[in-house]
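Comments concern the structure below.
Laboratory data are not the source of any read-out in this text; all were calculated from the coordinates shown. These figures come from a predicted structure and were not determined experimentally. Note: ideal-geometry Cβ built from the backbone for every residue, glycine included; neighbour counts use all protein chains shown.
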Amino acid sequence: MKTETKELVLVTGGSGYIAINIILKLLKQGYRVRTTLRTMSRQDEVKSMLSAGGIVSFDNLEFIQADLMNDDNWHEAAVGVTYVIHVASPTPATRPDDGDEMVKMAVDGTLRVMKAAKEAKVKRVVMTSASGAVLAGHKHHPDIFTEDDWTNLDGKIDAYQRSKTMAEQAAWAFAKENKMELSTILPVAVMGPILGKDFSHSNQIIRTILMGKMPFLMKMGFDSVDVRDVAELHLLAMTKQVAAGERFLATTGENITYKEEAKFLRQNFGDEANNVSTREMPDFLVKLLAVFMKDLRMPATFLGQNTACSNLKAKNMLGWQPRPAREGILATARSMIELNLL
Ligand code: NAP
């Protein structure tokens with residue numbers, strides 16, 4: 001049976017882990033998709049990841065070159081589009097070393113996308129923000145963070161959380177000023193199956209643990225969510241009337257420590273998890289090591305903090321039903337083993 005072709009959706013940053021999964025869902029549901037790439041030579045790679053996810057025809061997919069750092073092609077990218085899903089942003093995996101440049105890239109890029117969406121009179125923009133725009137820099141932590149919380153920009157926070165917070169705030173201000181419909185999705189650590197070599201900085205945690213590159217674990221818990229559910233939430237926010245003007249945290253609602261995660265990997269992966277350590281290191285040592293080890297700097301800003309987030313809003317308002325955290329974590333580990341990424 002042929003699926004009826006639906007509206008054209010612009011997805012920014014089609015080479016990214018989350019964006020690929022959003023495009024996959026849109027194509028499977030019959031939408032036409034235009035996606036931006038900053039490097040057009042990545043088209044084949046994107047197509048091969050989509051094929052791995054089950055897409056057999058690319059008739060409903062088009063690519064356009066656009067970089068968050070300049071104006072070229074953003075207007076053209078949005079022409080004829082009904083919805084924009086703005087996912088592209090510098091992440092800990094792709095970030096420039098200079099934190100101020102990272103913030104500028106995220107904020108200016110978001111404003112370029114919003115301006116193009118306004119000119120194209122799109123119905124709604126859905127933006128991928130992050131739980132980092134909610135839970136960072138606070139002196140006092142609630143038992144559970146909700147969408148009412150905003151990261152404290154005056155606190156001690158990493159450039160990534162600053163970039164996500166300021167970009168989301170810029171999007172809301174632009175939407176308000178121009179009377180546009182906006183909805184933001186705020187994922188916690190995104191896990192789940194990997195379709196190719198482009199996986200996220202959060203998946204990298206599982207890889208590091210599996211490879212035994214984390215001989216001592218940080219004493220810290222974090223929420224996670226499966227990328228398939230994150231993609232689903234973007235589509236719900238795009239299509240449900242009630243989602244306009246709202247932020248939605250994307251989390252399973254389970255806050256799992258590194259130690260619990262390591263134990264879980266050991267239980268499920270036998271020999272493949274032989275290198276997994278379950279030993280923890282004290283906070284002061286993490287802080288000391290973070291001076292020399294770049295990868296530890298961002299997580300170190302969360303030591304001693306509660307990072308638990310609520311998913312009640314997305315569940316109650318949009319009927320979203322995320323799968324359990326362990327399923328996403330297992331899927332990440334399984335695909336890393338299958339794709340020989342360890
Ligand atoms: P990713 O795989 O690193 O994807 C980032 C995307 O942004 C890539 O397509 C990248 O393009 C693009 N990008 C970066 N800088 C750009 C620029 N200057 N111009 C144009 N495109 C640019 O990361 P991801 O995990 O899918 O993240 C996608 C979004 O989700 C981001 O907004 C991120 O902040 C948010 N998020 C992710 C997580 C997570 O755990 N993964 C959690 C919360 C929120 P290239 O391929 O050319 O580098």
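About the Cα centre, and with charges only on the beta carbon of Lys, Arg (+1) and Asp, Glu (-1), how big is the dipole of the stretch 1-146? Nearest 20 debye, please.
620
Take every Cα pair under 8 Å in the chain that's 6+ residues apart, average their separations, divide by the length, and report that relative contact order as a whole percent. Intermediate values should be presented prior to the final figure.
Numbers: 691 pairs, mean separation 61.2, N = 342.
Answer for the chain is 18 percent.
Just want to confirm a number: the relative contact order over the stretch 200-328, from Cα pairs under 8 angstrom separated by 6+ residues, in percent. Write down the numbers at each step before the final one.
Numbers: 171 pairs, mean separation 54.4, N = 129.
That works out to 42 percent.
Assigning unit charges at the beta carbon (Lys, Arg +1; Asp, Glu -1) and nothing else, what dipole magnitude in debye, to the nearest 20, does the stretch 161-282 show about its Cα centre?
Taking the Cα centre of the stretch 161-282 as origin, the dipole is about 340 debye.
What list of ³J(HN,Hα) values in whole Hz, one per residue of the stretch 63-73 in order, does the Karplus curve 6.51 cos²θ - 1.76 cosθ + 1.60 (θ = phi - 60°) give from phi, with Gly and Pro shown as x?
10, 9, 7, 7, 10, 4, 8, 9, 6, 3, 6
Take residue 146 and residue 93, extend 7 Å from each Cα along the Cα→Cβ direction, and tell me the distance between the two endpoints in nm.
Roughly 3.3 nm, to one decimal.
Pulled fully out, how much extra length does the chain show between residue 59 and residue 278, if you take 0.36 nm times their separation in residues and subtract their Cα-Cα distance?
Details: separation 219, 0.36 × 219 = 78.84 nm, distance 4.78 nm.
Gain on extension, residue 59 to residue 278, equals 74.1 nm.
Return the long-range amide H neighbours of residue 145 (sequence gap of 5 or more, or a different chain), with a cut-off of under 5 Å between placed amide H atoms.
308, 309, 310
So between residue 42 and residue 28, what do we pick up on full extension, going 0.36 nm a residue minus the alpha carbon distance? Please report the intermediate quantities before stating the final value.
Numbers: separation 14, 0.36 × 14 = 5.04 nm, distance 2.14 nm.
Separation in residues times 0.36 nm, less the Cα-Cα distance, equals 2.9 nm.
In whole Å, what is the distance between the alpha-carbon centres of the stretch 1-67 and the stretch 105-174?
25
Skipping prolines and chain starts, which residues have an amide H placed within reach, meaning under 5 Å, of the one on residue 184, given they are 5 or more residues away or on another chain?
Distant-sequence amide H within range of residue 184: 127, 246, 247, 248.
Using helices alone, I'd like the mean residue ellipticity at 222 nm for the chain: each DSSP H run of four-plus residues gives -39500 (n - 2.57), total over residue count, nearest 500.
Details: 12 runs with 140 residues, N = 342.
After summing the helix terms and dividing by the residues of the chain, the value is -12500 deg cm²/dmol.
Kindly provide the trypsin sites (Lys or Arg not before Pro) of the stretch 1-51 that DSSP labels as loop, not H, G, I, E or B, and whose Cβ sees at most 10 other Cβ atoms within 10 Å. Don't skip to the answer; put the middle values down first.
Values: sites: 2, 6, 25, 28, 32, 34, 38, 42, 47; in loops: 2, 6, 38.
Answer by residue number: 2.
Can you run phi through the Karplus equation (6.51, -1.76, 1.60; θ = phi - 60°) for the stretch 126-140 and list ³J(HN,Hα) in whole Hz, with x for Gly and Pro?
Result, ordered by residue: 10, 10, 7, 9, 6, 4, x, 8, 10, 10, 9, x, 8, 7, 10 Hz.
Assigning unit charges at the beta carbon (Lys, Arg +1; Asp, Glu -1) and nothing else, what dipole magnitude in debye, to the nearest 20, does the chain show about its Cα centre? The partial results should precede the final answer.
Values: 42 positive and 41 negative charges, 72 e Å.
Result for the chain is approximately 340 debye, rounded to the nearest 20.
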